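The next block holds one structure in the form of structure tokens; read it before the comments.
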């Protein structure tokens, strides 16, 4: 979206309207009460680096081994062979309703938090997570903040602005008539003592922004660190913690993040623990070297990471996948994969497509064809394991099929490269 082209003196009137002292930036949607309990024989799903999946009751876990009870069989595996542990729980007990008012905060270490209440302070952001945990986040630890994260319009504006790699900080502000979200480039200075305004340097002026109309902040001066060796813990309140240290206990996991946060999560609150630690990389977590998107008939559908093209979860063969890429024909995505030995994914037409669809999928390594097939709506998804040792550039190509580009929503679920 193109920023409003008004001079700073007019922007004061455009974006600095206050509703008085009550215009604190507070997002409330009802606190969730969670009681920590002793979790015994927790059901888990364990994914190994060779692609095998183990399911059973968790018996014990240490920094060396994990032990499951699967029926009458007791299974022990070294943690060095484990890439992910998924904890089963009643999804009705925990979680965040999609329509709940919420703020999403991305830190410089990759940690992403979902808050039900946010208050601006001069040196930090005061947040209350949906678990009830209160934390303070210094301004210099934040990469971006999306307020009203449940609003698809605000999320789209944030994603489009991030894709431009702005050289300055950016604020996203709701227009006075509520019809548009406008992006302004400058320097975020922090808030006043009471949190009733965000001070923003726009050219030569310091402009006070009303928190009630603030929709997002991007801190362009703070590059996001790459913590490939970090353990990624996703909890059931929408938070992803990137940890440099973890400690397994009888019924909970303790962790410390690279940005200095600490958390103690009962197993009942954990969704997944990613232990790949540099041995495996999901393509949805990597930046492509090249993106080409050229539809025939439809408007351009930009590729999506970890979501389908409509913004919902990726689904193939009636199974939902947490990670992956979804693209529309014709799309070319190219990735740097030097040092990895294998590419794995499940590919097919995404389940959200209701009509006919047929697309040609090709996968190339340094220009050499590794896989080609036509995928159609209703077909059984294909599970691929392709050797890529020595390959530098991996290219995913989804081309038009017999039905031109109608319905060509192709998903590469769990698309990952393995060392």
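Scanning for something surrounded by fewer than 22 Cβ atoms within 10 Å (Cβ to Cβ), at pLDDT below 95 and under 26 Å from residue 419 (Cα atoms), does segment 208-217 turn up at least one residue?
no
From the list 400, 340, pick out the single residue that is in the same structural domain as residue 286 (by TED's automatic domain parsing) and under 24 Å from residue 275 (Cα atoms).
Of 400, 340, the one residue that is in the same structural domain as residue 286 (by TED's automatic domain parsing) and under 24 Å from residue 275 (Cα atoms) is 340.
Taking the conditions exactly as written (outside any helix (DSSP H, G or I) and within 15 Å of the chain's Cα centre (by Cα)), does residue 143 satisfy them or not?
Spelling it out, residue 143 is indeed outside any helix (DSSP H, G or I) and within 15 Å of the chain's Cα centre (by Cα).
Touching a residue at least 12 places away in the same chain (Cβ under 8 Å), closer than 22 Å to residue 192 by Cα, outside any strand (DSSP E or B) and in the same structural domain as residue 213 (by TED's automatic domain parsing): is that true of residue 109 in this structure?
no
Can you tell me how many residues within segment 279-301 are within 17 Å of residue 415 (Cβ to Cβ) and in a loop (DSSP other than H, G, I, E, B)?
Number satisfying all stated conditions: 5.
Is it fair to say residue 23 is at pLDDT 70 or above, in the same structural domain as residue 235 (by TED's automatic domain parsing), over 30 Å from residue 223 (Cβ atoms) and crowded, with 17+ Cβ neighbours inside 10 Å?
Criteria not met by residue 23.
What tally of residues in segment 388-419 results from selecting those that are surrounded by fewer than 18 Cβ atoms within 10 Å (Cβ to Cβ), part of a strand (DSSP E or B) and modelled with pLDDT of 95 or more?
Qualifying residue count, segment 388-419: 1.
Report whether or not residue 286 is assigned by TED's automatic domain parsing to the domain that holds residue 107 and in contact (Cβ under 8 Å) with a residue 12 or more places away in the chain.
When the stated conditions are applied, residue 286 does not pass them.
Condition first: in a loop (DSSP other than H, G, I, E, B) and modelled with pLDDT under 90. Can you find one or more residues in segment 76-89 that meet it?
Yes.
Would you say residue 353 is surrounded by fewer than 23 Cβ atoms within 10 Å (Cβ to Cβ) and assigned to a loop (DSSP other than H, G, I, E, B)?
yes
For every residue, the table says whether it meets (1) under 23 Å from the mean Cα position of the chain (by Cα); (2) in the same structural domain as residue 411 (by TED's automatic domain parsing); (3) at pLDDT 95 or above; (4) buried (at least 20 other Cβ atoms within 10 Å of the Cβ).
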{"position": "328", "(1), (2), (3), (4)": "yes, yes, no, yes"}
{"position": "331", "(1), (2), (3), (4)": "yes, yes, no, yes"}
{"position": "364", "(1), (2), (3), (4)": "no, yes, yes, no"}
{"position": "377", "(1), (2), (3), (4)": "no, yes, no, no"}
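I'm checking my understanding of the structure. Among residues of segment 218-235 that are farther than 26 Å from residue 86 by Cβ and in contact with a helix residue (DSSP H, G or I) (Cβ under 8 Å, 6 or more places away or on another chain), which one is surrounded by the most Cβ atoms within 10 Å (Cβ to Cβ)?
The selected residue is 218.
Just to be sure before I move on: is residue 314 over 20 Å from the mean Cα position of the chain (by Cα) and either loosely packed, with under 14 Cβ neighbours inside 10 Å or under 20 Å from residue 383 (Cβ atoms) (or both) in the structure I sent?
For residue 314, the condition - over 20 Å from the mean Cα position of the chain (by Cα) and either loosely packed, with under 14 Cβ neighbours inside 10 Å or under 20 Å from residue 383 (Cβ atoms) (or both) - is not met.
Please give the number of the condition residue 150 fails out of (1) surrounded by 17 or more Cβ atoms within 10 Å (Cβ to Cβ); (2) within 24 Å of residue 262 (Cβ to Cβ); (3) without any contact (Cβ under 8 Å) to a residue 60 or more places away in the chain.
(2)
Could you say which residue among 101, 116, 123 is in contact (Cβ under 8 Å) with a residue 40 or more places away in the chain, touching a strand residue (DSSP E or B) at 6+ places or on another chain (Cβ under 7 Å), assigned by TED's automatic domain parsing to the domain that holds residue 260 and over 23 Å from residue 232 (Cβ atoms)?
123
The values are calculated or read from the model by the stated rules, or taken from the named source; none is laboratory data. The structure displayed is predicted, hence computed values, not measured ones. Methodologically, a virtual Cβ is constructed for each residue, glycine included, from the backbone with ideal geometry; neighbour enumeration extends over all protein chains shown.
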